[in-house]
Amino acid sequence: MNASPSVPDALRAALAGLLDGLPPTRAAQAVDRLIASYRGATPTDAPVLRDRSDVVAYAAYRMPATFEAVRGALAALRDAAPHWTPATHTDVGGGTGAATWAVAEAWEDETPEGGAPPRTTVLDWAEPALDLGRELAAGSGLPALRAVDWRRARIGGALTLEPADLVTVSYVLKELTPADRDALVAGAARAASAVVVVEPGTPDGYERIIAARDLLAGAGFTVAAPCPHSGACPIAPGEDWCHFAARVSRSSLHRRVKGGSLAYEDEKYAYVAAVRFPVDPAASRVVRRPQIRKGQVLLDLCTAEEGLARRTVTKRHGDAYKAARDAEWGDAWPPAP
């Protein structure tokens, strides 16, 4: 009996053939238009993805990056709550299902008793996106994706969410008005035991994450990640922003649209994971790329006690120095023993 492929490998394989039959120029034009739509300043009141060519271009171009960003956020949540496994999951504005694939991977080896994966419902208002999501999931070969429920729903303040252990909201809030953003996050807080919100790692994406974080904390949630505390963010508004990076393999479409030659790029993202159950957040988190110098490593950290702080770890710190040299942007510090 053949083993199931890994989730990242299955996703790459599923996306590899999407552009067959779609002229490269048309795909690149669709991506250019979608990028312009998503970067616009006015929230949309209709689905950005209009038809299959839009959805195929979007999935081939954006699904790997969204998957890696949500994957990073879920990894931090799992580190803070290693004994918790969701039985139910709602992916709000999930489109073609990138976050659903990330959830399928996050708990694939630690499913509830009986081996059942989290039961996922994907909500989106673009029927072509849901159709392609079903198609990709059906062809994935992954048991966790076979029973996903793909439902059309208008994403906004009027959306009523059914109870779920986990609600993910990834790359959605910018498409909504401020009032609808707040209502959606409040609805997720009422419905879920854990909420994970992911946005682009830009100053305005960070602002949306902070607003969501404040709403979740006000609703009684504990911030599990990335913050080591649930208090006010120590970053002064307008001076900086908290974000992280995920390495993403570039497809030929990425290189064609961006005119780049590298086989990878770094997806910058901001996120918050908050929960209603006991959790053990990181003591501190690396919030910039570590600076490795001769005989020392400089770590910029967000800490529970001091806010933003810099630590210099030298060779005389022994094992801590070795760990610091291996530390990456976004890691918990100190690392788990």
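The values are calculated or read from the model by the stated rules, or taken from the named source; none is laboratory data. Everything numeric here is computed off the predicted structure, so don't read it as measured data. So basically every Cβ, Gly included, is an ideal-geometry build from the backbone, and we count neighbours across all protein chains shown. With ligands, DNA and RNA removed, areas are computed over all heavy atoms of the protein, side chains included. Shrake-Rupley method; radii C 1.70, N 1.55, O 1.52, S 1.80 Å.
What full-extension length gain, to one decimal in nm, is calculated for D300 and A147 as 0.36 nm per residue of separation minus the Cα-Cα distance?
50.8 nm
Can you list the aspartates and glutamates whose alpha carbon is less than 16 Å from that of K322, not counting same-chain residues fewer than 8 positions off?
Hits, sequence-local ones excluded: D331.
Output the peptides 161-170, 99-108, 78-87, 315-324 sorted from most to least packed, where packing is the average of other Cβ atoms within 10 Å over each peptide's residues.
Numbers: 161-170: 22.3, 99-108: 25.1, 78-87: 17.5, 315-324: 14.4.
Highest mean packing first, the order is 99-108, 161-170, 78-87, 315-324.
For labels at R247 and T160 in the simple 7 Å Cα→Cβ model, what's the distance in nm?
If labels sit at R247 and T160, their model points lie 4.7 nm apart.
Can you list the aspartates and glutamates whose alpha carbon sits under 20 Å from that of K294, skipping same-chain ones fewer than 8 residues off?
D319, D326, E328
So, by mean Cβ neighbours within 10 angstrom, what's the order for 213-224, 181-192 with the highest one leading?
On the way: 213-224: 19.3, 181-192: 21.1.
Sorting 213-224, 181-192 by mean packing, highest first, produces 181-192, 213-224.
Per the 1.4 Å probe, what fraction of the accessible area of the range 73-218, in percent, lies on carbon and sulfur atoms?
Values: 2790 of 5580 Å².
Its accessible area is 50 percent carbon and sulfur atoms.
Could you sort 89-98, 9-18 so that the peptide with the highest average Cβ count within 10 Å comes first and the rest follow in order? Walk me through the numbers before you get to the answer.
Working: 89-98: 28.8, 9-18: 17.7.
Final packing ranking: 89-98, 9-18.
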